[in-house]
Structures are given as structure tokens and as C-alpha cells.
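Just so you know, all these numbers are worked out from the coordinates, no wet-lab data involved. None of the values given here were measured: they were computed from a predicted structure. Note that we place each Cβ from the backbone using ideal geometry, even for glycine, and neighbour counts take in every protein chain shown.
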Amino acid sequence: MVFTGAVLTTPYRQERLMAFLNGLSLTPETVSTLQWQLKQSIIAIGSGGVLGKGFGSSTQKAFFLPEPDNDFIFSIVGEELGLVGAMVVLTAFLLIAWRGIQTADKAPDELGRLIALGATFLLCSQALCHIGIVTGVLPTKGLPLPFVSTGGSSLLSSFALIGLLLNVSQRRRVHV
């Protein structure tokens, strides 16, 4: 109910929702900025192929995709490093999730467990949302990819979350 009210009372939120619902089906004359970004993102990912165009060889970031180093960095990874590079990034976040859950399981107390689960959830859900946005599964929103996107505050908060995970993992409970 709150979500519906927030969307219906704000024009730019309505535009984002309509762009997501209409997807890539509109004609070039009616494409909004949000649909343009998504189209260029999908072109970038698709043009990378299996091995990519090579590091630094993206054409989408130079001419077509707005905010390629922040909001659409996974698209550039897919274009420059291909499916292999994209899978490496996905595997890295799966590894963080796996280790975070292991850390939570071996935490010495309830607070440590909640800190580990919370930090893991924040990092991995943000990565999952970013990847969902650039592939068109979720509506377009400016969301950085942890540890990959440029920007100081995102990187700082991601490192703080990893620091919390490391702190909890140093105080492991030994299962007997």
C-alpha cells in the first residue's frame, strides 16, 4: 500500500515503473531515457560474447551508456570480459555469501550471528539487485555494484561490512 502510494504520487517513479513494464517493446521515437539505458546495457552485455572485447575496449561506455562506471558497471564487465568475466564476478559474490553464512553459523553469540548475516545480506542483495537491474529483470535504479563501481561512499561501506564479517569470523565458536 505504501509502495503503491509512493509510486502513484511521484511522476519520476511512475515513469520508471512504466519503462520497466513496457520493457524494450517501444518504437525508437517513444523510448524514454530509462529504456535507452536498459537497451544500451543489454547491447553491451550481448556484444561481449563469451570472452569479451578485451579490457578497456568497450564501445558502449564511450558513446552510448550513461553512468557506465557506476550504475551499469556490470554491463561493461560483460562487454569487456564477456560471459567468463561476468561469471567470475557472480562467483565472487557467491563466495562472499557462502563464507558469510559460514561465519554466521560459527559465530560465538547471537549478536555476532546477526551481524554476519546482516552484512552478508546487504552486500549480496545489493550485488544481486545491480545485476538484475542491468539485465532488465528489475526496474532501472541507480545502484552501485559493491567493490566494482566507482564512488567512495559505496566502497567505504562495502569495506566496513567486510570488516564486520572478518571481526565476527575471528571470534569463531568451535563446534564440538
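Summary table below
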item: Mean residue ellipticity (222 nm) of the chain, computed from DSSP H runs ≥ 4 via -39,500 (n - 2.57), nearest 500; result: -22000 deg cm²/dmol
item: In the chain, lysine pairs with alpha-carbon atoms under 22 angstrom apart (chain gap of 8 or more, or interchain); result: 5
item: Pairwise Cα inverse-distance average, inverted: Kirkwood Rh of region 2-170 (Å); result: 17.3 Å
item: Test item: Cα-centred dipole of the chain, Lys/Arg +1 and Asp/Glu -1 on Cβ, debye; result: 480 debye
item: Radius 11 Å from Cβ of P68, net charge of other residues (Lys, Arg +1; Asp, Glu -1); result: -4
item: Cα convex hull of region 124-176, projected area averaged across orientations, nm²; result: 5.0 nm²
